[in-house]
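Reviewing the structure listed below.
Derivation of every value follows stated rules applied to the coordinates shown; laboratory data play no part. Quantities reported herein were computed from a predicted structural model and do not represent experimental measurements. Note: ideal-geometry Cβ built from the backbone for every residue, glycine included; neighbour counts use all protein chains shown.
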């Protein structure tokens, strides 16, 4: 496996929405990062539909049908439909396969009839349970994920994604206690190990079919930190800590690309701008049009470098303006239209900068993901590119530096909580060993005892 | 200038987004950057580093800075007055401002005292202080957190605070008064069973013809009316009031009778017990 | 053959509880309780201080008068009582037994040496009713269980015994919450104990509108939209719904027709208000963020900022004690397998709120509310007197280490953090940073899905077919002071209206008097002749009078 030790982008200014160094083409005549932004819609089956395969398939059909109908009704040139599996869809691979088949059929019909460019992303759920023997590797659940991937690819998915949760036991422990070492161990070391295990297999499956390996997101870890950090007034964990966790997660999510994933990377990976800067692959992101799913503090900024603009997730139900697939595709569709207009009129850089500036100093996490800073963190990562631990650590240290510079320049002010948490975390990170094995040994000793769910065997440690 | 920097220069950030957490709590600043602290802290080295070590409650740095200063030939008295005490003054100020809390104060107090001890060793005698005070916990009472705070506040404010410890027999208190002639004696008790020694202490002092300007009594179950039921005593409400009472005895020659009458004014705040 | 009875007695700091048992069927027949302790004062040190001032014999007599009154209302023929078992802390049991108490009043050697006190053993013992003047059949046996150690009494033994964890593998935390909380951390049978002086706020005392748990008191609050729904104790001490009130202004949002009028707030009610207030931001330590800086509850009950600081410091004593024990024992609080809450306040409090405010470690996963374990152990003794010997061997054989919090440097550091938290409003994240800086464990985050095991409906599970009887207790102390001018100043200064003056004689009602924590009568006396220690029980006065009369003859 080849690690990234050099930046694919040579200049942060080249990072911009709708353009990636390595665009991706999928069937149904769609390209990502090839000069335009594709809107995405993702809708979760309503509760109760998981009771039978028939109900689930019907639900997925309706979601696809609604989305397609609205897309042509409002004139979208292209869109991506993503189906994120609920437990039953992944645990019963034939369900997932059948749902994919029916959705592919509908998409293809609209593609044939209207010439609209479409894509179908299937995202099986990571249903593995670390604390249940035999752990993350080789369990029935693990095998079911693989079978489900294959069923989706075989039945017409145009790309595959997953949100792996390797390392979550350790990072959860660290996030809830402000223990930055555990966070780094969970994301940088364990997360990276588990990604490699998972993604080598996914890429192999995709190679057998006309299906692209998309990407992964550190939803299980960095997003946990982001949500626990919450709004400006919440104090469960410091926003600066969440920002450091985010920087680390870029090193971890990059592993999917190193294993052969080509993008667009998965939407809820807020670390994606950094991964894009390093690897040149197109990315999906979500922000202001994902408010139906959760609240973040960078609703515009995260659009600056996007290639696929997503709504994250919403239950399948009726709103005043239509069903949720209709409503939310319309929201992401219009935003993509704005970006595409900017691209066509040669004003995309201005729009990108406006997106960036609305949120750059709202919160430390937004600051480090602004494209210029994301680029800097990317550089820190490739400097230690061959070592997943050291590159995650370097990313966090660089993020700390970026925050401190903004504070010194009087552009961002921190509260005492954010300040102290950042100072403490940076001090700990700086003093960590420079040898990955030594760090891993130390962490194994500490966290095997402290985190009952953590099982070193799941990572072959 | 790239496009984004140009745009940024045109933008008033608060027009777009307000960090309400910072608005409400105020931005984090390093303690030495507080404007009032800046006025207190010495600007020249090594006093600055000595004071900063106290400000950060860094015992190791405090000791090594003091030792460096002594080796460089500075006088121990200067190190105490221009370094250690300045650092502690800044700590007291930040405590009053609500920026520092009790544990900060305790840690800084320890760092300062360690430094003072080293200096006094060189000096060969106690350094010049504002005056001497004596503190004890009543006989039969082990609860000494309150007393420790009183001692810390007194020392932080430049007093030589003699600490007799916990469970102190009355005879030892009398002996200490005889020996040190303190300008303030303090007694604390948590249990109602043990606070009864306070009037006995006064009785014994009077028998021996001894007197202190004021005998501050306080602690868990001790109440003002009890304390004022015998002479020489003043009911102390908060540990940090102790140095203010001592100051008023020292500077304005106040007696225990004055302290009872002017308590709120002397400590400079509203005290409901004295309202 | 007539039925033989046994009486189980628990002498608590906040009151006496007695139960009559049928020895044949081992069933509870009736229950009688008092809503306060017969001795003046709000806590056990007050009782102790009172005993020292007034004399052990008078104190013993006041206590036994009250106990005799309580057992009378059990509604059984006391002549058929053949067994009595009594449990409580060392102070209460020593007052009951009328043995040395001064060793419990002073710490360290100085005072004890000066007073020439020899601490008694406080082993398990069987005594006769005559010895303590208990009005039951004179041939009855009275069982007094042993103290574990000097500092840690039979009540602590009771909670450990009833939790049944002394022989189990694992880490267990057992606490009896009261003004003086007994706390034990048991690690594979090794017991670390401490006693945390939480103060009377935890029982609703020293709180402006606070009251001991009794009918009409607010014992819990629940969130109902933005209002707080009151829970009030009814005449059987079972919580019932009260009004829904907006806590920031006292506006009644929903009135409960059947609700009793509230007369005060119990300790658990204060904890509930504290927990809800912290959650919704009404409390921002040390301030209350309502326009008048008060929290308003049903029937014009309220809590002040001072109340909040008081309850906070009491809870802080628990948290600091837990952390100190864990640090001394070298374990993490988050590794505790089960948390046991004993006593009435440990029973009536909502454990989720206890987690929230730090009364028990927030990471507690399995929580058991055991109720009154002292009374339960007394019942066990009645049913099987041979248990007494077994308890003695458990107490002596226990591998235990007592941590004296007042002299523990760990506790001092942590408690100073609590003071900063509650008095100065230091934010909690800083508290954790400080623990870290000191090299102690941090407070682990809240357990996401704590399991609560509450077996009974009441802290006393079985009241018996005759039900619950609440006995009023209190005696009159009387004296004539040399030099008293009948100026009535003491009477006017008494905040509890406990004093009357008749024919130049001062009479003090012990059930009203706040005791040694107050002494406004003594302190206000313009002629300095009011001597609390000279007050005697009325009956004793009679006895003395008779004696004097006899002498003159």
**Asked** Is region C:390-462 rounded, prolate or oblate when judged by the Cα gyration tensor, a ≥ b ≥ c being the square roots of its eigenvalues, rounded requiring a/c under 1.5 and prolate requiring a/b larger than b/c?
**Response** oblate
**Request:** Neighbouring Cβ atoms within 10 Å as the yardstick, rank C:465, B:147, C:534 fewest first.
**Result:** C:465, C:534, B:147
**Prompt:** In peptide C:415-422, what is the residue-averaged number of other protein chain Cβ atoms found within 10 Å of each Cβ?
**Reply:** 4
**Message:** Given all pairs of different Cα atoms, what value in angstroms does the Kirkwood hydrodynamic radius of chain C take?
**Reply:** 24.5 Å
**region C:54-187 - Debye-derived log10 I(q)/I(0), Cα point model, q = 0.18, 0.19, 0.21 Å⁻¹** = -1.10, -1.16, -1.27
**Item:** Residue-averaged beta-carbon neighbours from other chains (10 angstrom radius) around B:5-13
**Value:** 3
**Item:** Theoretical FRET efficiency, 1/(1+(r/R0)^6), r = Cβ-Cβ of residue B:208 and residue A:446, R0 51 Å, to 0.05
**Value:** 0.25
**Request:** Provide the packing ranking of B:14-21, C:419-426, A:258-265, i.e. peptides ordered by the mean count of other C-beta atoms within 10 Å per residue, highest first.
**Result:** A:258-265, C:419-426, B:14-21
**Request:** Please work out how much length the chain gains when fully extended from residue C:224 to residue C:424, using 0.36 nm per residue of separation minus the C-alpha to C-alpha distance, in nm with one decimal.
**Result:** 68.9 nm
**Asked** GNM, chain B, Cα, under 10 Å: largest mean-square fluctuation among B:76, B:27, B:142?
**Response** B:27
**Request:** Would you compute, from DSSP H runs of 4+ residues alone, the mean residue ellipticity of chain A at 222 nm, taking -39500 (n - 2.57) per run and dividing by the full residue count, rounded to the nearest 500?
**Result:** -16500 deg cm²/dmol
**Asked** Taking the Cα-to-Cβ direction at residue C:169 and at residue A:438 and moving 7 Å from each Cα, how far apart do the two end points lie in nm?
**Response** 3.7 nm
**Residue of B:170, B:132, B:43 that the Gaussian network model of chain B assigns the largest fluctuation, springs spanning Cα pairs under 10 Å** = B:43
**Request:** Please give the peptides C:519-527, A:352-360 ranked by average Cβ packing (other Cβ atoms within 10 Å per residue), highest first, as a rough proxy for protection.
**Result:** A:352-360, C:519-527
**Prompt:** For region A:1-110, what Kirkwood radius comes out of the mean inverse Cα-Cα distance, in Å?
**Reply:** 16.3 Å
**Asked** Can you put A:85, B:125, C:493, C:293 in order, fewest other beta carbons within 10 Å first?
**Response** B:125, C:293, C:493, A:85
**Cα pair count fraction exceeding 13 Å, expressed as % - region A:74-123** = 58 percent
**Request:** Stick to the Cα atoms of chain A, pair each with every other, and give me the Kirkwood hydrodynamic radius in Å at one decimal.
**Result:** 21.8 Å
**Item:** Pairwise label distance in nanometres, residue B:81 with residue C:27, each label 7 Å out on the Cα-Cβ vector
**Value:** 8.7 nm
**Request:** Would you mind ranking C:429, B:256, A:328 by Cβ crowding within 10 Å, fewest neighbours first?
**Result:** C:429, B:256, A:328
**Asked** Dividing the Cα radius of gyration by the Kirkwood radius, what Rg/Rh value follows for the protein assembly as shown?
**Response** 1.04
**Request:** May I ask you to derive the FRET efficiency for residue B:255 and residue A:423 from their Cβ-Cβ distance with R0 = 41 Å, giving the value to the nearest 0.05?
**Result:** 0.25
**Prompt:** residue C:251 versus residue C:123, label points 7 Å from Cα toward the beta carbon: distance in nm?
**Reply:** 6.8 nm
**Message:** Can you give me the C-alpha center-to-center distance between region A:329-393 and region A:228-284, rounded to a whole angstrom?
**Reply:** 11 Å
**Asked** Cα gyration tensor of region C:1-62, axes a ≥ b ≥ c as square roots of the eigenvalues: rounded (a/c below 1.5), prolate (a/b > b/c) or oblate?
**Response** prolate
**Item:** Cα pair distances of region A:225-287 binned at 5 Å [whole percent]
**Value:** 4, 19, 26, 20, 14, 10, 6, 2, 0
**Request:** Would you compute, from DSSP H runs of 4+ residues alone, the mean residue ellipticity of chain B at 222 nm, taking -39500 (n - 2.57) per run and dividing by the full residue count, rounded to the nearest 500?
**Result:** -15500 deg cm²/dmol
**Asked** With the Cα gyration tensor of region B:132-268 giving a ≥ b ≥ c as the square roots of its eigenvalues, does the rule (a/c under 1.5 for rounded; else a/b larger than b/c for prolate; else oblate) give rounded, prolate or oblate?
**Response** rounded
**Asked** Can you give me the Cα centroid spacing of region B:143-160 and region C:147-189 in angstrom?
**Response** 36 Å
**Request:** Just tell me how shielded A:403-416 is by partners: mean number of partner chain Cβ atoms within 10 Å of each residue's Cβ, no decimals.
**Result:** 3
**Request:** Tell me what chain C gives for mean residue ellipticity at 222 nm when only DSSP H runs of n ≥ 4 count, each as -39,500 (n - 2.57), the sum divided by the residue total, rounded to 500 deg cm²/dmol.
**Result:** -10000 deg cm²/dmol
**Fraction of antiparallel bridges per DSSP, the protein assembly as shown only, in percent to nearest 5** = 50 percent
**Asked** If you look at just the Cα atoms of chain B, how large are its Rg and its Dmax in Å?
**Response** 22.6, 87
**Asked** Most fluctuating residue of B:257, B:224, B:97 in a GNM of chain B with Cα springs under 10 Å: which is it?
**Response** B:97
**Asked** Between region B:83-133 and region C:121-138, what is the C-alpha centre distance in whole Å?
**Response** 58 Å
**Complete:** Here the FRET efficiency for residue C:79 versus residue C:437, based on Cβ atoms and R0 = 56 Å and rounded to 0.05, is 0.25
**Message:** For region C:352-504, compute the orientation-averaged projected area of the C-alpha convex hull (one quarter of its surface), in nm².
**Reply:** 18.3 nm²
**Request:** Find the Cα radius of gyration of region C:255-369, compare it with 2.2 N^0.38 Å by division, and give the number to two decimals.
**Result:** 1.19
**Complete:** region B:23-123, convex hull of Cα, quarter of hull surface, nm² -> 6.0 nm²
